[in-house]
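Report on one structure; see the data block that follows.
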Amino acid sequence: MTDLPRKVTVVGAGDIGCGWAALCVAGGWPVSVFDTNARAMERAQSEIPRRARALVALDRATSGMVERGLLEFHQSRSLLQAVRDADWVIEAIAEDLMAKQRLAEAVEQVAGTDTLITSSSSGLPPTDIFARCRNQTRTLVAHPLNPPELIPIVEIVPGAHSVHAAVIRAEDYLRSLGRMPIVLKKPVPGYVVGRVSAAVWRECIDLVLEGAIDVSDLDRAVSLGPALGWAAAGPHLTYHLGAGEGGVPRFLQHLLTSFEGWWSKLASWQKLEPEQQHALIQTIEKAYGGKVPMLREARDRRLSAILRALEQSRTT
């Protein structure tokens, strides 16, 4: 088992970076945060403690551990100060390949020789992200879902030069934080979660823009329909169980023709035109406008309840 990090550094104080920091704080780990954007740093000063303490209210962390972590939560004034003595550096800046490459190169220059360096990219090839690093053996992608402090899945995507020891170390760190890492066998654009999400969302967008259903009803149909079943079993197991004793061979025998007919009629566009973007924004804001803080809190309560139910079912 890998030793716990003496210090974790999060570079990037946006939503993902604040989520990573809140997760580590809630684990009682020393955390340093740095961002070149002064406004982001100002927001992080209150947002990270808020999100860490919210985990206590959601029964995802203990008050004592969170307060202990907050005592060792620091905002750094420079990259050097942030990265110095860190065992794990988490890059969490915007999805811009050149910016990520420059940052990875800069981090490598000031990080210790044994520091694990991970990117939170949601779909860029890890070998491209760390292309400017001289030592790519200790680099890889650790892609969280939003909010990182709540959703347990993290995709680990090794690069061409990542060593197995770095993957194991990342897995150990993540499991110590209560995460559930999955390791991709090879990098694919968008990784796994992004590809599945993109495919489903494209069809959801198309159904709304074609006037087949309202935004709120579509969200309800997905969250209480396939998403609920997939939360319990995933897509393949859902269909394998859905055919009874015959399993997926019987399912394919009876329903493959129907699915093939639906597949032929699914949305296939690859670009959302400006007028479509405008229409989509309007429909979503009409459904949810002015309610975002309340809806975010409600979503977090539901996520916590779902996770608690799944965890309890695994132990009974």
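Bear in mind these aren't lab numbers, they're just calculated from the coordinates by the rules spelled out. None of the values given here were measured: they were computed from a predicted structure. As a convention, Cβ positions derive from the backbone with ideal geometry for all residues, glycine included, and neighbour counts pool all protein chains shown.
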Relative frequency of Cα-Cα separations exceeding 22 Å in the stretch 1-104, percent: 26 percent
Relative contact order %, the chain, counting alpha carbon pairs below 8 Å whose residues are six or more apart: 13 percent
Theoretical ellipticity at 222 nm over the chain - DSSP helices of four or more residues, -39500 (n - 2.57) apiece, nearest 500: -17500 deg cm²/dmol
Neighbourhood charge, 14 Å Cβ-Cβ cut-off, centred on VAL192 and excluding it, Lys, Arg +1 and Asp, Glu -1: +2
Share antiparallel - DSSP beta bridges, the chain, percent rounded to 5: 20 percent
Candidates LEU218, LEU256, LEU79, ranked by Gaussian network fluctuation over the chain, Cα under 10 Å, top entry: LEU256
Highest-MSF residue in the chain out of VAL33, VAL200, VAL66 [GNM, Cα springs under 10 Å]: VAL200
Option label - Rg and Dmax of the Cα atoms in Å computed here, alternatives [x] 21.1, 62; [y] 28.6, 98; [z] 22.4, 92: [x]
Centre separation in Å (Cα based) which lies between the stretch 187-229 and the stretch 260-299: 9 Å
Neighbour net charge for ALA94 - beta-carbon separation under 13 angstrom, K R +1, D E -1: -3
Most mobile of ALA199, ALA279, ALA106 in a GNM of the chain (Cα contacts under 10 Å): ALA279
Exposure proxy ranking, count of Cβ atoms within 10 Å, fewest first, for GLU67, GLU285, GLU260, GLU171: GLU260, GLU285, GLU67, GLU171
Protection proxy ranking of 291-304, 19-32 - average other beta-carbon atoms within 10 Å, highest first: 19-32, 291-304
With eigenvalues of the C-alpha gyration tensor scaled by 5 and rooted, the stretch 8-183, Å: 24, 18, 14
Residue order, fewest to most beta carbons within 10 Å, for SER216, SER162: SER216, SER162
Local net charge near MET65, Cβ-Cβ under 15 Å (Lys/Arg +1, Asp/Glu -1): 0
Greater than 32 Å apart at Cα, pairs in LYS7/LYS185; LYS7/LYS286; LYS185/LYS271; LYS100/LYS271; LYS186/LYS265: LYS7/LYS286
